[in-house]
Amino acid sequence: MRIETLSVFPEMFDSVMHASILGRAEERGIFSFAAFDLRDWTHDRHRTVDDEPYGGGAGMLMKPEPLMEALDDLESTGPRPHVIFFTPCGEPFTQRTAERLAGEERLLLVCGRYEGIDERVYARADERISLGDYVLTGGELAAMVVADAVVRLLPGALGDEMSAQDESFSAAGLLEYEQYTRPASFRGQDVPPILLSGDHAKIAAWRRANALERTCRWRPDLIEHADLTDEERERARELIARNAAGAAEGAAATDCGVV
Ligand code: ADE
C-alpha cells in the first residue's frame, strides 16, 4: 500500500509515520509513505494557501487553486488514489472503515486547516471522514489516526497475525476481554484464577463472557450490532438492565466484571 498526505504541515507526520510498528512496516516494504507540502502548489511569494470567506465571518478558508492543482498532479501519476478529506462533517471513522481502506492500493489523505476548505474542492473526494464530534485544529492528526489504524491491519505489519483479529471491534463487534500478565497477585488484586488454569476451552469461554460483560457495561450501544448467540443476547439484555437499574440507584458497579 502507498499512503500520501497533502497538508501545510508535512513535518507533523515525521515522527508518527516512521516510529514503532508503522516505521517497521515501512522498512519491511509493507507500505510506503510520502507527506506532500500543499505550499509547493502555490505561485505567489508568500506561498498563500488561505483566503477570506465570501459572505464574511471569522477565520480563513483554504483556497481552491493550490488544492486542485496538487490533486491534478498527484492523481496524474501512479495508480488512481482513493482520496479522503478530513472534516468534522464527514462519516465517523470506525474499525470497519479501517478494514475497507486497508484493501486500497493507494490512499491520498487531504488535511484541511483554518476554518475549512472551499466547498468546490470536495468534489475531488472519494469520501469525507470525521474522527469524532469535536473540532481539531487541522486534519493532520486525523490522517495519522487513520494511517495507523489501516497500516496495522496490513498483512505482516503486526508480526503476530492473530492480534489484529482478536481485539476490540473485530471479534464479533464486542470490546476486548480483560488481560493480565505477571505477577498473579499484585497489590491485593488477583488475576482471575481461570486464566492460570491452562484449560484453553474454559479460558476462551471466560474471555467471551468477559467481553460481553465489558461491552454491556461500557458500550451498550455496540450490543445491537454485535454478532451474538441467542443466549448471549439474552444475557446482554439482563446485564444492561441490571447496569441501568444500578445507575438509577446511584450505585452502579464500579468495575465491568459484574455478573
Ligand atoms: N478536522 C477538524 N476536526 C476534525 C475531525 N473531528 N475529524 C476529522 N478532521 C477534522
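Throughout, read-outs are computed from the coordinates displayed, never taken from laboratory work. From a predicted model like this one, the values you see are computed outputs, not experimental measurements. All Cβ positions, even for glycine, are placed from backbone atoms using ideal geometry, and neighbour counts span all protein chains on display.
Spread over its residues, the convex hull of the C-alpha atoms of segment 51-189 is 156 Å³ per residue. Which one of 116, 137, 147 is farthest out on the positive end of the charge dipole of segment 108-148, using unit charges on Cβ (Lys, Arg +1; Asp, Glu -1) and the Cα centre as origin? Looking along the dipole axis, the top candidate is 116. Could you work out the relative contact order of segment 2-151, using alpha carbon pairs under 8 angstrom and six or more residues apart, expressed as a whole percent? Reported as a whole number, the value is 30 percent. Rounded to the nearest Å, what's the spacing between the alpha carbon centres of segment 5-30 and segment 69-136? Just the number, please. Distance between centres, Cα-based: 17 Å. Just so you know, the averaged projected area of the alpha carbon convex hull for the chain sits at 19.3 nm². For segment 185-255, the gyration tensor built on C-alpha atoms gives an oblate shape. Its axis ratio a/c (a ≥ b ≥ c) is at least 1.5, and a/b is not larger than b/c. Counting only DSSP beta bridges whose two residues both lie in the chain, roughly 15 percent are antiparallel. Counting only alpha carbon atoms, the long axis of helix 200-218 and the longest principal axis of the chain meet at about 60°. Normalised by the number of residues in segment 185-255, the average gap of Cα pairs under 8 Å and 6 or more apart makes the relative contact order 20 percent. What the phi angles of segment 107-124 give under the Karplus curve with 6.51, -1.76 and 1.60, with θ = phi - 60°, is a coupling list of 10, 10, 9, 9, 10, x, 9, 6, 8, x, 10, 3, 4, 5, 6, 4, 4, 8 Hz, glycine and proline written as x. Restricting segment 12-86 to trypsin sites (Lys or Arg not before Pro) that sit in a DSSP loop and have at most 10 other Cβ atoms within 10 Å of their own Cβ leaves 45. Rounded to the nearest 5, the antiparallel percentage of DSSP beta bridges internal to segment 43-131 is 15%.
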